[in-house]
Structures are given as C-alpha cells and as structure tokens.
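Here is the structure we will look at, set down as structure tokens.
The values are calculated or read from the model by the stated rules, or taken from the named source; none is laboratory data. From a predicted model like this one, the values you see are computed outputs, not experimental measurements. Note that each Cβ is placed from the backbone with ideal geometry, even for glycine, and that neighbours are counted across all protein chains shown.
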C-alpha cells in the first residue's frame, strides 16, 4: 500500500517469459470476465425489460402504464430501506464503539464474531423469524403507537392486528444490515490515529469527549459509506420482505397499518410465478429499476469511502 | 496483528512500518491499554474523596469540607477545581441491579409488559447513574457515564434479535432434527416423516459448483487488481466489482435463468444454473477479500523473490499466494457462507425435486433454503410436519454456515500469523 | 435434440471459461432410459418433470410418492412455480406435464396445441378439485353463516364491523361482537384469488364490480403470501377473515355459504357436486376437459367456491419412454387410489367415476410419435 509502484516494474525488463504471459492473460481475463458478467446482467435486464418499456400504457397491468406500476413499488422499497437505515445506523455506531472502545479486549473479539454471525444467517430464516416471533410480539407496540403517537402521520393507524407491517419489515431489515454497517465502522473506528486519542486523553478528556473529538469525526465518512452499502443490501432484500410484509400496494407513509406498499424485489418474487407474457417483462423492468437504484446508492457509497481513504492517508 | 512480529517461515525479518495504516492494523493492544489506564484512573479515584458515602472522610484534610457540613452536599466549592468527587466503583452495577429488581417486580405484578419493562429499566438505570454522577462528579463525567450506559445498552439491544432468532430456530428446529432428517430424502414422503438429505446434498453441490466457478475467477481478478492492474481497466474493475456487490440476489437469479434459457428454452432447470446465479453474488466478495489480503503481503517478500531472479508469475504463485493463503481461505469461507443461504435465485433456477440428484448438469435439484421455504409455503393437510421440517432445515442451514465460519476463523488463527 | 443440448451446454461452458472441469460429463442420467416397449408398471424407469400450479403441490407430492412407490426406478418431479410459469414451461417443451389453475385461453391454447402437434393432441384434465374455505378468527362465534351478497360486501370492505346488520341477518342466533373486520387476502397472484373472484362476480356482480384476475382488487386489507401466509395471518389476528384451501383451515372458523336456501360447508363432496353441475367447454379440443363452473348454482349440497386445477399433457411425445411414463403417471392420478391419496394428503375432492370414465380415453391416447 505504501509503495505500490514497485510491482509495476519489478520483473526484469525485456524478458517476457511464456509463464508470465499466460499468467498475466489469466489474471486480466478474469477481470474482463467479471466485467462481461456485469455487462451481461445489465444487457439481459434491458433486453427483457424492453417490451415493457415500449408497450402502450394500456397493455401494462394495473392502469397508468409502466411508471405508474413501478413508482409505488419503488416508494415501498425506499421507505422500508430508510426505516432500516434510521434504526441500523445509530445501532451500528453503538455496537462498533462498544467493540472498539468500550468492551474489554478479551470480549471484543468474540463479540465481533457474534455480530458477524448475524450477516451469515439466511434471509429466509429472518423471514420465518419475523413472521413467527417479531410480528406477533410487535402487535401491542403497534396499538400503543397508534394510541399515543397517532398524530404523527407515520403512526396514524389503524394498527395492524397481525404485526405484518412496514415497521416490522424495517426492523428486520435493520437487523440484517447491522452487521454490514458494523463491519466497516468497526474497522474505521479502530483505525483512529493513536496520537489523536492519546492527545485528547492527555488533555483530560473523558472517554466520551475523546470519542466525540477524535473517533467520530475520523469515522464519519466510513460510517456514511457503510450505511450506503447497508442501504444497497436492504433495497434488494427479497425473501424476508416477501414472507413478512402485508403488501397491498397502497402508497402511504403509515407504517403500522396492514395496508403497505410492496417493494420491487418482493413484488417480483410474489408475482413472477403466476406471470406470463408481457407481465414478465414488466416485472423485469421493475428489476431494472431496482438495479439502477442500487447502482446509484453503491456509487455514492464508494465515492464517499474512497474519499475517506484518501483523507485518512 | 503487530507488524513487528518475527516471521517464522521466511528468511527475511519484517521491520516495523512506521505508518498510520500499520498502526491502525493493530489497534487492540494500544486501545485497550489506554482504556485500561483510564479505568485504573477512575478506579483509583474513589478512595481519594468520598462524595457518595457520607461516612467516609477523604484523606485530604480540608478544613472547609468539615466546616461546610457534610460531603452529601458535595459543596466544597473553593477547593474543587483540581479534583471532583467520584462514584463508588460498582455504582453503575448496583444502580442497574436495583432498578432491574424494581422493574422485575413490576413485571411480575403485571404492571409492565416484559419488553417495556426491560427497556424502561435500562433507561431508568442510565438516568439514575447520570443524575447521581452529575451531582457528585459534575456534568462531564456524568455525560461520559451516560454515554457508556447508552452504548452498552444499545449493544445489548442489537444482540437481542440474534439471541431471539437463534432460540426460535433451535427450539422449533429440534423436533425434527433427527437422524432421519439427514439420512432420508423427501422421496415418496407424504405428510410426516422423511428428511432433507436431498436438499443438503443439493446445497452442498450447488454451493460447491458456485465455489469452483467463483474462486478461480475471483482470486485471479484480485491478483490482476493488486499485482498487474493499471490504468482505466483497473479503475473500472475496482468500481464495478463494488457495484456487483450490490446486485439484488433475485436479479442474479433472473440473469442466470435468462442466460440458460437462451440455450435450453424456458423450461430448463439445473443445479448448475443456481451455481451460476450464486457465482454472480459470490465473485465480488471473493475479489474484495482476496484483494485486501494481497495488499498486506509485505512488499519486501516480492522484492526478495525478484532479486533471486524468480519470474513474476512464480513469485505470485510461490510467495505471494502462500503468504496470503490463510486470509484468502477465510474470505472464501465467508463468501460461501453468505451465498449458501440465498433462496430467491435458486427458487427460479434449480427447481425442486423430492429425490436426491447428484448431477448438477442434468435435471432439477433441491437445496436447503428452497426446501425450508417450500415446506413452509406449501404444507399438506398435516401442517405441523411440514413446518417442523422447515425449521429443522433452517437450523441445519445455520449450523452449516456457523461451522464454515468457525473453520474459517480456526484456519485464520492457525495459519494466519504469517502476515499479521 | 440431444446433440443440440450438448452443443448448447458446451457453449455455456465456454462462456463461463473457468472452474467447470466437470462440463464434459453430462451423462444424462436423468432422462428416460426405459428399455423395451412393454408398458407393464414394474418395468418403467427414467424420470419426467412437471411444473405449475402451487395449489396442487401437496396433491402432486402424494401422487408422486404413490407412483414412485409402485415404480421404484422412476423419478417424477413437480415444481410448484405457479400456473403461469407452468403453462409457459409446458408450451416451451421444458416439461412433460404441468399443472394450471386456469385452462389455456386463446393464444396460449394455440401455442400449447402446437407444442403437442395438433388441436386434438392437447390434454387438459381437472385432476385437482378443492373447495376454497372462507376462514375467520372471531372469539365467541362458532358457526358463521354468510350469504353471497354479505360475503362480497365484507370482502370489499363495505361492511366494516362484525355486528353489522347484514351479518346479523345471516346469523340470527350468533352474538356478534363490535369488532372491526380485517380482511386477509393473498399478496401473490393466485388461482385461489381468481376462483373466489369469479364466484363473487357471478353471484354478487352488483357489489363485486371488479375485473376478475389473480390479483386481489381491494386495497386496505391485510395481504399475506400464499395459502399458509393467509392462514397464519387470519390465525394470529382477531376479527380477521380470509380465504384459503379448505384443507388448510386447521383450527380456524370456517364460514358456511348460502347456496339456494341452505348454508353449505366447504366439503370435498360439496365441491365435487358443483363440478357435476357444471358445463364442459367445447373449444378446447377433443381431450381438453375444461369446465365453465356453475358458480351461481343452487343445486342442493353444492359448494360453488371451488378451485379446479388442471393437468396438462400431450397425447404424443418424442420418445416412447417419456410417453409411457406420462401415461402411467396420469393414469395413476385419476385412478381411485390416486384421487384417494390426494384427498388424504391435500384435502381435495376425488373425481367421480363418471368423470373418470370420461377422461380415460385421453390417457389411453398417449403414445409416441
């Protein structure tokens, strides 16, 4: 990392051994193969979505054409992911700080393993857990929110009696993306320069003051980048949402009623089996929209992370 | 993770690199040491003054303290600027215990719901400690204690779902977690009984095939990025590998489905299709982790190899890769664990089959995530048998994934020292 | 066809370039390898695949298990991808047989007939007949009775409380609470939804003025994935009402529906009765046994909210082995044992002997080109 240029001219000049040539070819070929696959994914989506894009608005199911079909789904996708982010980011900060600066060292390593384990649990299991445990457990919370905070549009109700709401989906998504965000913030927080930390402590700062003055500013862009990666994952999550959400397709900010907008990925999973003809193209067009949304989110995330890396160098 | 550790297997000695990044790579010891120092400071404080306990008299013979009439007030204004009072060392724990006891009593008396009670107890304890500390130690220390409480509390909240999830899966999965589940397939099973041997075999084959596709491509691409890449192709590849990590899994499934239906028509379902879909998801993870591992192979190892006249490709094969091997294996294991639980792409590519099929190039193939999903979604009249099998499959899946994670960590711990 | 397959496989392998050392050994162990032409049950071997309606999943599981038990060397697979996917795969020749909740219509019918090699070569058999129950979860109400008009209004959410006068009129003896009604519907597109809607629009067209499709048209209810999702949602809420295959209702309350002058429960016998009373379509070819269900029947003891799921197959297949397998499998499906197995495993209504006699010629006609 410190001396990247040496690799470029390390082998003796002028001698191109066949072995080198083959190996270089393989390495470059692999890189190109990856780009080809990605181009293939994009091409496939566009080709399959094209009939839906060009079709007249009266041929698309529902009324109002393709945009009107995808827009509520995109809304639901973004809404669920936003809830997840709002819940997961503060938690990821706390978990990362706990592991990097609060927990005794002997505990920190096993703890980070436990959090990583969350990332490995299959999403279908999250779905089953959400509908069997979390949803029913959240029913009374829904009623309480509607009674006491009903004046906020988010909780206007009527509260769901089954707990299969956007709020619960958001919480499950938050649990799912927490380890992704934590993995990055933990790394960044623990890389805060020693000089700054010791300087702050030497000046008599309490632990929190030290964290506020050195660790948090240092890790801010890392946190943003991690959050964006988590957002990307939440946007594309399929099975958990499919199993849990009571999706009726209504566009609403009400998080606690049984009337919820669906998400793009869940809608594909729900309708793909019974679809044929143009309906399949419409679903793939919505997949293209999802791909575009995640692409943009990832681009933003990477730009932020790269900037962090440069700044910290 | 200290870079100054002596290298056992290579002849060269790794000198410490005085660099922020390298410092950062070994954060645990210094950070923990600093924390311990801070803790010692805090722990050493109580005997000095005795703000909390009225009976205690500090060793400091201040005339004012006695004159003004009691440490309970904590008003020793003229002499305070240098040191302040301090809470007893166990204060936060005692407060938490006391508040929890009250909360538990209220829960048992049915005044509070358990969940509400637990949250309320945590918040109340935090507030009590904050208030007490503020009265005795001043606002800065109080805030510090409050934040410590909040951070630890949030951590516990974050762990709760995992605990609940594991408990649910284990308790519901155990009824069918028996020998038959691993030795019998779903062939000729109606209602209760049978097993998921076919799904376990399918998952292993599909994931194995995905690994065979992804690992060579992923590692070679990482080698390209780290050892050869330059210019626009490298920049593009770095960027698009990141983009690829964000491909929704269902889109990967649709892609594999479309790719194969070009050649075989829309009816085709094969294990290898699922493997291709999983590869699309797996390759970027392998590239990312391998690249990170190659990055921390010390540069002087390569230079020593070149100096001996070893060609670059042999240097990479014989020096760089073996050095980074443990880390790469860990990354691959994590990637396998990550894709093994994918359901959506397999649902539309591999089809289902109640018998065991070991040929990924011909015919349908079952897999554990799809098995769990289908058992849950399409139960027969005897519903419980199907739901039990679904949870047992989920339990099996989690155990396999955990096992892989543990193996990866063991490998890292056993062989990973060389580049730490 | 096989060489084309291998060619295509190597093309894919080439595209993938890496890690596929095993590409070459495609030994085709899964395709039919029956030897000889005798079609005696025990000599069958090989495998056939089907895909389609998920409503049939449990029944197909029973049929496959029974068939494979009788023929140890045979492997039959059924992928419950859904009716649309099933029809598409069948038309494309990807599957030997398939299940669909709605019969082929118009364009698809022509394509399917083309796949089978002629209008009279396409077989459609109503092998799976299942009553759809109106399930509810309401404390203190044991036997809910609903007239079609009331049911339509409840499902349309025109009626919002359980103690609504219209429900009270249908249930003079019940004590109905002042609880809000939560309607649970399928969030996925499904044949169950479509059949229920067909019924509603036939008997209560004034109220149910929606275009009938597999998507639930009313917003504002609770939506759940699949039959199991609906059953779970109805069970976990209170004051909930939904619809699901009768066999899946479990402990939940099941409403009886007014047909003519009596309230009828969703039993298999009542479901079979409505099929008897229905008219066969005549545009589906010689072996296309598709029915226009008499939803508005007032025949005594008939339960008109019924899902019919068809088996699709051809009378001609490329290979004699495939033909023999399909023939034997379909024969088992409609046999008394087969129908009994499905009734036990999936709660479906066994088809009558009269229908079986009618369907048998179609199965007898299956053979190789």
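Key figures for this structure:
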| quantity | calculated |
| --- | --- |
| Identity of the residue in the range C:194-228, more than 10 Å from every other protein chain (Cβ to nearest Cβ) and touching a strand residue (DSSP E or B) at 6+ places or on another chain (Cβ under 7 Å), that ends up farthest from residue C:293 (Cα to Cα) | C:196 |
| Strands (runs of 3 or more DSSP E) within the range C:33-139 that include 3 or more residues more than 14 Å from chain B (Cβ to nearest Cβ) and within 24 Å of residue B:380 (Cβ to Cβ) | C:122-137 |
| Residue match in the range C:179-196 (condition: farther than 30 Å from residue B:382 by Cα and either outside any strand (DSSP E or B) or out of contact with any helix residue (DSSP H, G or I) (no Cβ under 8 Å at 6 or more places or on another chain) (or both)) | yes |
| Condition broken by residue C:297, with the remaining ones in (1) crowded, with 21+ Cβ neighbours inside 10 Å; (2) touching a helix residue (DSSP H, G or I) at 6+ places or on another chain (Cβ under 7 Å) satisfied | (1) |
| Where residue B:360 falls short, out of the listed (1) closer than 16 Å to residue B:204 by Cβ; (2) more than 14 Å from chain A (Cβ to nearest Cβ); (3) assigned to a helix (DSSP H, G or I) | (3) |
| Which numbered condition residue B:286 fails, given (1) under 25 Å from the mean Cα position of the chain (by Cα); (2) within 7 Å of another protein chain (Cβ to nearest Cβ); (3) farther than 30 Å from residue C:112 by Cα | (2) |
| Residues of the range B:364-379 satisfying the condition of being more than 9 Å from chain A (Cβ to nearest Cβ) and crowded, with 23+ Cβ neighbours inside 10 Å | B:364, B:365, B:366, B:367, B:371, B:374, B:375, B:379 |
| Scope the range B:200-217; condition at the interface with chain A (Cβ under 8 Å from one of its Cβ atoms) and surrounded by 23 or more Cβ atoms within 10 Å (Cβ to Cβ); matching residues | B:217 |
| Among (1) within 29 Å of residue C:267 (Cα to Cα); (2) assigned to a loop (DSSP other than H, G, I, E, B) - the single one residue C:312 does not satisfy | (2) |
| Meets criteria (assigned to a helix (DSSP H, G or I) and either surrounded by fewer than 22 Cβ atoms within 10 Å (Cβ to Cβ) or within 14 Å of chain C (Cβ to nearest Cβ) (or both)) for residue B:252 | no |
| Complete set of residues in the range C:266-278 that are surrounded by fewer than 18 Cβ atoms within 10 Å (Cβ to Cβ) and under 22 Å from residue C:208 (Cβ atoms) | C:277 |
| Count - residues of the range A:147-179 that are in a helix (DSSP H, G or I) and within 26 Å of the chain's Cα centre (by Cα) | 17 |
| So residue C:233, is it part of a helix (DSSP H, G or I) and surrounded by fewer than 22 Cβ atoms within 10 Å (Cβ to Cβ) | no |
| Which listed residue, of B:419, B:348, B:407, is closer than 23 Å to residue B:212 by Cβ, more than 10 Å from every other protein chain (Cβ to nearest Cβ) and at pLDDT below 85 | B:407 |
| Positions within the range A:133-156 being within 26 Å of residue B:345 (Cα to Cα) and surrounded by fewer than 20 Cβ atoms within 10 Å (Cβ to Cβ), in sequence order | A:133 |
| Sole residue being within 9 Å of chain B (Cβ to nearest Cβ), within 16 Å of residue A:254 (Cα to Cα) and outside any loop (DSSP other than H, G, I, E, B), chosen from A:129, A:144 | A:144 |
| Criterion: more than 27 Å from residue A:175 (Cα to Cα) and either in a helix (DSSP H, G or I) or more than 7 Å from chain A (Cβ to nearest Cβ) (or both) - qualifying residue of B:149, B:182, B:155 | B:182 |
| Count of residues meeting criterion [crowded, with 22+ Cβ neighbours inside 10 Å and part of a strand (DSSP E or B)] in the range C:236-257 | 7 |
| Condition met for residue A:76 (touching a strand residue (DSSP E or B) at 6+ places or on another chain (Cβ under 8 Å) and closer than 25 Å to residue A:252 by Cα) | yes |
| Lone unmet requirement of (1) touching a helix residue (DSSP H, G or I) at 6+ places or on another chain (Cβ under 6 Å); (2) facing another protein chain (nearest Cβ under 8 Å); (3) surrounded by fewer than 22 Cβ atoms within 10 Å (Cβ to Cβ); (4) assigned to a helix (DSSP H, G or I) for residue B:319 | (2) |
| Residue C:82 vs. criteria buried (at least 24 other Cβ atoms within 10 Å of the Cβ) and on the phi > 0 side of the Ramachandran plot | yes |
| Residue that is surrounded by the fewest Cβ atoms within 10 Å (Cβ to Cβ) [pool: residues in the range A:241-279 that are in a helix (DSSP H, G or I) and at the interface with chain C (Cβ under 7 Å from one of its Cβ atoms)] | A:271 |
| Scan of the range B:113-134 for residues that are surrounded by fewer than 17 Cβ atoms within 10 Å (Cβ to Cβ) and in a helix (DSSP H, G or I), ordered by number | B:114, B:115, B:116, B:119, B:123, B:127, B:131, B:134 |
| Matching residues in the range A:185-198 - criterion: being surrounded by fewer than 24 Cβ atoms within 10 Å (Cβ to Cβ) and more than 10 Å from every other protein chain (Cβ to nearest Cβ) | A:196 |
